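What follows is one structure encoded as structure tokens, with my remarks underneath.
The values are calculated or read from the model by the stated rules, or taken from the named source; none is laboratory data. Remember, predicted model here, so these are calculated numbers, not experimental data. As a convention, Cβ positions derive from the backbone with ideal geometry for all residues, glycine included, and neighbour counts pool all protein chains shown.
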Amino acid sequence: MKKKILWFFGLLLVSGVALYFYVGHAYIYYVIGRAKLPVMNSQGDYSLGMEVDALVRYSAIGDSLTFGLGAEKIEDTYPYRVAEYLADKGQRVQLTVSAFPGARSFDVLKKLLDEPIKKQAELITILIGVNDIHGGISLSDFLSNYQKIISRLKNELPGAKIAIVAIPRLGANNLLWPPFNYYFRLQTVRFNKALRQLAEKQAVSYIDLDTPTKQQLKTFTNYYSADGFHPSVIGYQHWATIIYDILNR
């Protein structure tokens with residue numbers, strides 16, 4: 001009888017833990033979907049700066065973060081703001097945004113490289129990996145895709161400056177319940193460590209967006225948009241400043 005009682009309570013405990021994990025994971029995407037962030041299609045080409053001979057062709061590749069989910073207009077996205085900083089140096093900038101919400105590294109490899117290559121991009125930033133982590137993609141598969149992305153860009157756009165942007169720290173405290181907050185944080189650290197090593201191996205730039213955003217979470221209460229996951233206009237502004245400062249070194 002005692003064994004049956006222990007077995008019953010053990011089963012109850014396991015079921016409770018499983019339910020907590022299920023609800024905690026589902027809650028993240030429920031809140032993100034419920035927020036109904038404004039979606040403006042930022043994919044395409046934009047021309048900034050004065051009509052001068054000096055032209056910089058800049059392509060931003062990525063997922064919803066590059067697409068600008070959480071911003072209401074293209075001018076508030078980080079690629080556009082980076083392009084504005086470049087244009088402020090007295091040069092004309094042709095910006096191409098090649099991104100869509102939910103994109104993973106495999107999507108970049110198969111769907112998002114043709115346009116930057118067609119436009120003969122001279123400056124390329126790649127921010128991808130959040131959806132790989134949340135989708136349970138292994139680090140080895142992620143790195144394999146990323147290596148192929150860099151290889152194709154270097155082969156077809158020799159001389160282009162390529163920058164790998166680190167996966168930023170995302171998710172407000174009330175959105176990510178334990179242990180998901182710890183799990184996604186540890187995965188972000190693992191993936192970024194591998195990205196830094198890949199950048200060194202491939203001789204491309206690495207932009208650490210994780211360390212500064214960690215500090216921003218402590219400083220800026222309005223860092224996130226309504227879903228508690230995607231950056232707000234202020235968040236994207238700080239990203240643009242970080243990215244541009246490193247590109248401009």
Subset of region 80-121, residues in a helix (DSSP H, G or I), touching a residue at least 60 places away in the same chain (Cβ under 8 Å) and closer than 30 Å to L139 by Cβ, comes to V82
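Among the residues of region 149-159, is any within 17 Å of the chain's Cα centre (by Cα), surrounded by 15 or more Cβ atoms within 10 Å (Cβ to Cβ) and modelled with pLDDT of 95 or more? Reasoning before the result, please.
Initially, region 149-159 is screened for residues within 17 Å of the chain's Cα centre (by Cα), giving 149-150.
Next, only the ones that are surrounded by 15 or more Cβ atoms within 10 Å (Cβ to Cβ) stay: 149-150.
Still in the running and modelled with pLDDT of 95 or more: 149-150.
Yes, region 149-159 contains a residue that is within 17 Å of the chain's Cα centre (by Cα), surrounded by 15 or more Cβ atoms within 10 Å (Cβ to Cβ) and modelled with pLDDT of 95 or more.
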(request) Output yes when any residue across region 224-241 is touching a Phe, Trp or Tyr at 6+ places or on another chain (Cβ under 8 Å), crowded, with 17+ Cβ neighbours inside 10 Å and without any contact (Cβ under 8 Å) to a residue 60 or more places away in the chain, and no when none is. (result) yes
Within region 122-148, the count of residues that are surrounded by fewer than 20 Cβ atoms within 10 Å (Cβ to Cβ), under 19 Å from the mean Cα position of the chain (by Cα), assigned to a loop (DSSP other than H, G, I, E, B) and of a type outside the set (A, V, I, L, M, F, W, C) comes to 3
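Give V93, V130 a once-over and let me know the one that is in contact with a Gly (Cβ under 8 Å, 6 or more places away or on another chain) and either modelled with pLDDT of 95 or more or not small (G, A, S) (or both).
Values: V130 fails: in contact with a Gly (Cβ under 8 Å, 6 or more places away or on another chain).
Matching residue, one of V93, V130: V93.
Any residue in region 164-181 that is assigned to a helix (DSSP H, G or I) and either over 23 Å from Y85 (Cβ atoms) or not charged (D, E, K, R) (or both)?
In the first step, residues of region 164-181 are kept if they are assigned to a helix (DSSP H, G or I); the result is 180-181.
Next, from what is left, pick out any that are either over 23 Å from Y85 (Cβ atoms) or not charged (D, E, K, R) (or both): 180-181.
Scanning region 164-181 turns up at least one residue that is assigned to a helix (DSSP H, G or I) and either over 23 Å from Y85 (Cβ atoms) or not charged (D, E, K, R) (or both).
Restricting attention to region 34-79, which residues are part of a helix (DSSP H, G or I) and aromatic (F, W, Y)?
First pass over region 34-79, keeping only residues part of a helix (DSSP H, G or I): 34-35, 64-67, 74-76, 78-79.
Across region 34-79, the qualifying residues are F67, Y78.
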